[in-house]
Amino acid sequence: MKYLMGVGIGMVFVAMAFGPRAFSCNYFPNARVLDEAFSKRLSISPEAQAFLKTENLDSTFLKKELFKRSKVDFDHSKKDQVPCREYLANYKSKDNSKNYDFVLEICKEDSKLVSIQKK
């Protein structure tokens, strides 16, 4: 009984001392690739910029949708390419109104959205 009381008090103390933390860790390869591409300095090719402009897609779409809900096609990606790896990915909106295929290039210091097109 004393043990449980001590553990309970200890847990309360740890919760108060450290507080809630925003912590996320991605273990799956798909999420790791997208997170790596998003966390580095992202550049967008002129062709991709033109497509995003014609489709009225902005940086919010890139951050909240494209880099969060896409699926990387590892079979057709050049993941061992040097110096920059190239990944093919596709995005489908929840209601299937928007379907895009895109190419990401991830280098040591930065990443690039090479192309994007409607599926």
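Over the chain, accessible surface divided per residue gives 74 Å², non-protein components excluded, 1.4 Å probe. Of MET1, MET16, MET11, the residue with the largest accessible area leads and the full order is MET1, MET16, MET11 (1.4 Å probe). Placing +1 on the Cβ of every Lys and Arg and -1 on the Cβ of every Asp and Glu, with nothing else charged, gives segment 67-110 a dipole about its Cα centre of roughly 300 debye. Heavy-atom accessible area for VAL82, with the other protein chains in place and a 1.4 Å probe, reaches approximately 130 Å². Assuming R0 = 22 Å, can you tell me the calculated FRET efficiency for the pair GLU55 and ASP110, based on Cβ-Cβ distance, to the nearest 0.05? Computed FRET efficiency for GLU55 and ASP110: 0.40.
Extending 7 Å from the Cα toward the beta-carbon at both GLU47 and GLN81 defines two label points whose distance is 1.1 nm. Among ARG69, ARG32, ARG41, the order of accessible area from largest down is ARG41, ARG32, ARG69, computed with a 1.4 Å probe on protein heavy atoms. Of the solvent-accessible surface of segment 27-118, computed with a 1.4 Å probe over protein heavy atoms with every protein chain present, carbon and sulfur atoms account for 49 percent. If only the Cβ of Lys and Arg carry +1 and only the Cβ of Asp and Glu carry -1, the dipole of the chain around its Cα centre is close to 400 debye. Look at the alpha carbon pairs under 8 Å that are at least 6 residues apart: their mean separation over the length of the chain gives a relative contact order of 25 percent.
Measuring nothing but alpha carbons in segment 27-118 and taking Rh as the Kirkwood radius, the Rg to Rh ratio lands at 0.93. Here LEU42 sits with roughly 60 square angstrom of accessible surface, probe radius 1.4 Å. Centre-to-centre, using Cα atoms only, segment 68-110 and segment 1-64 are separated by 18 Å.
The values are calculated or read from the model by the stated rules, or taken from the named source; none is laboratory data. Fair warning: this is a prediction, and the values are worked out from it, not measured in the lab. Methodologically, a virtual Cβ is constructed for each residue, glycine included, from the backbone with ideal geometry; neighbour enumeration extends over all protein chains shown. SASA here: full protein model, heavy atoms, side chains in, ligands and nucleic acids out. Shrake-Rupley method; radii C 1.70, N 1.55, O 1.52, S 1.80 Å.
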